[in-house]
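Notes to accompany the following structure.
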Amino acid sequence: MATVRLEFTPEPAHVRTARLVGVAVARRAGVPDDQLDEVRLAIGEACARAVARHQRVGLRDVVAVAFSDGDRYLVQVWDHAGDEEQITDEEQLTVDVSASLLQAIVKDLQVRPLESGPGTEVQMAWPVRRASRLGR
Amino acid sequence: MELSLATRVVAAHTVLEVGGEVDVYTAPKLRERIAELLDSGVTAVVVDLARVDFMDSTGLGVLVGGLRKARTAGATFGVVCSRESLLKIFRITALDQVLPLYPSVDAATAS
């Protein structure tokens with residue numbers, strides 16, 4: 001399994017970079033072309049979620065992402081923020097909409113607290129086309 | 001692709017043409033522009049997403065925020081979208097039931 005890891009300070013500008021890298025690795029991993037738009041959206045949502053969680057509690061620690069190319073294409077996004085106390089109505093709407101999008105477009109989705117310390121891990125996986133992998 | 005914003009007036013509607021990517025980084029600029037239009041007294045806003053390549057939940061939140069602000073100001077607010085990849089996220093989130101969506105600027109400005 002080949003893995004590309006990315007760490008970035010919790011700023012919205014870097015989410016686009018994560019999307020671009022994630023889609024490039026997905027294409028190389030053999031994710032079918034007709035699923036790449038959903039992969040791009042899901043990676044963006046998961047990374048934006050992590051950035052927002054860090055920003056709401058004023059945490060400057062990096063957000064970490066791993067893109068793994070194996071029997072399936074696996075994306076993991078880690079944040080280290082504790083639960084936020086209060087968010088605005090528009091922020092809550094975005095949180096709810098983001099959760100709806102992730103649940104709808106990622107069949108293999110898990111969101112869980114980190115085993116040690118505050119924070120969460122979002123794990124998403126997509127099937128890969130075996131022929132594409134063998135042919136590269 | 002960076003966000004692009006331009007306005008034009010069509011049949012007494014102010015059409016805000018949006019292009020590029022509307023995401024967690026660029027959406028605040030769209031929010032500001034919509035607020036500026038409504039604060040300046042515009043009474044009919046149409047947000048045209050025809051040249052938008054990508055939109056995430058932050059962009060959707062800004063559009064809903066724009067609709068709410070427009071209603072508070074007594075203005076109308078419509079969204080033009082015909083691209084299937086964007087329509088899909090409106091449907092998934094059920095925001096197609098909340099936001100007035102139109103297939104073209106003509107349809108939006110005729111309403």
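Read-outs: derived from the displayed coordinates by stated rules, not from any lab. For clarity, every value in this text was computed on a predicted model and none was experimentally measured. When we count neighbours, we look across all protein chains shown, and the Cβ atoms used for this are built from the backbone with ideal geometry, even at glycine.
Quick one: work out the % antiparallel among DSSP beta bridges in segment B:4-110, nearest 5.
Numbers: 7 of 22 bridges.
Bridges in segment B:4-110 that DSSP calls antiparallel: roughly 30 percent.
Looking at the protein assembly as shown, what % of its DSSP beta bridges pair antiparallel, to the nearest 5?
About 70 percent, rounded to the nearest 5.
In the protein assembly as shown, with Lys and Arg counted as +1 and Asp and Glu as -1 at Cβ, which of these residues, A:VAL111, A:ALA42, B:GLY61, has the Cα nearest the positive end of the dipole, that is, farthest along it?
In the protein assembly as shown, that residue is A:ALA42.
Say each of A:THR3 and A:ASP33 gets a label point 7 Å from the Cα, pointing the same way as Cα to Cβ; how far apart are those two points in nm?
Taking the simple label geometry, A:THR3 and A:ASP33 are separated by 3.1 nm.
Going by C-beta contacts inside 10 Å, put B:THR76, B:THR58, B:THR43 in order with the fewest on the left. Present the calculation step by step, with values, prior to reporting the outcome.
Details: B:THR76 17, B:THR58 28, B:THR43 14.
Fewest-to-most ranking of B:THR76, B:THR58, B:THR43: B:THR43, B:THR76, B:THR58.
Run down the lysines and flag those whose C-alpha is under 25 Å from the C-alpha of B:LYS29, throwing out any fewer than 8 positions away in its chain.
B:LYS69, B:LYS88
If you rank A:THR94, B:THR93 by fewest surrounding Cβ atoms within 10 Å, what's the result? Intermediate values should be presented prior to the final figure.
Values: A:THR94 27, B:THR93 23.
In order of increasing Cβ crowding within 10 Å: B:THR93, A:THR94.
Among B:ARG8, A:ARG27, A:ARG60, which comes first, then next, by fewest other beta-carbon atoms within 10 Å? All intermediate terms of the calculation are to be shown ahead of the outcome.
Working: B:ARG8 12, A:ARG27 16, A:ARG60 9.
With the fewest neighbours first, B:ARG8, A:ARG27, A:ARG60 line up as A:ARG60, B:ARG8, A:ARG27.
Under the Karplus relation 6.51 cos²θ - 1.76 cosθ + 1.60, θ = phi - 60°, what is the ordered set of whole-Hz ³J(HN,Hα) values for segment A:93-100, x standing for Gly and Pro?
Along segment A:93-100, the couplings run 4, 5, 4, 5, 5, 4, 5, 4 Hz.
Relative contact order for chain B using alpha-carbon pairs under 8 Å, separation at least 6, rounded to a whole percent? Kindly include the intermediate steps, with their values, before the conclusion.
Values: 193 pairs, mean separation 28.6, N = 111.
Relative contact order comes out at 26 percent.
What relative contact order, as a whole-number percentage, does segment A:2-135 give when Cα pairs under 8 Å and 6 or more residues apart are counted?
Rounded, it is 29 percent for segment A:2-135.
Segment A:34-136: which GluC sites (Glu not before Pro) are DSSP loop and have at most 10 other beta-carbon atoms within 10 angstrom? Before the final figure, lay out the partial values.
Values: sites: A:GLU38, A:GLU45, A:GLU84, A:GLU85, A:GLU90, A:GLU91, A:GLU115, A:GLU121; in loops: A:GLU84, A:GLU85, A:GLU115.
Those that pass, being in a loop and sparsely packed, are A:GLU85, A:GLU115.
Just to check I understand the Karplus step: with θ = phi - 60° and J = 6.51 cos²θ - 1.76 cosθ + 1.60, what whole-Hz values come out for segment B:5-19, glycine and proline as x?
Ordered by residue, 3J(HN,Hα) equals 9, 8, 10, 8, 10, 10, 6, 6, 9, 8, 9, 9, 8, 10, x Hz.
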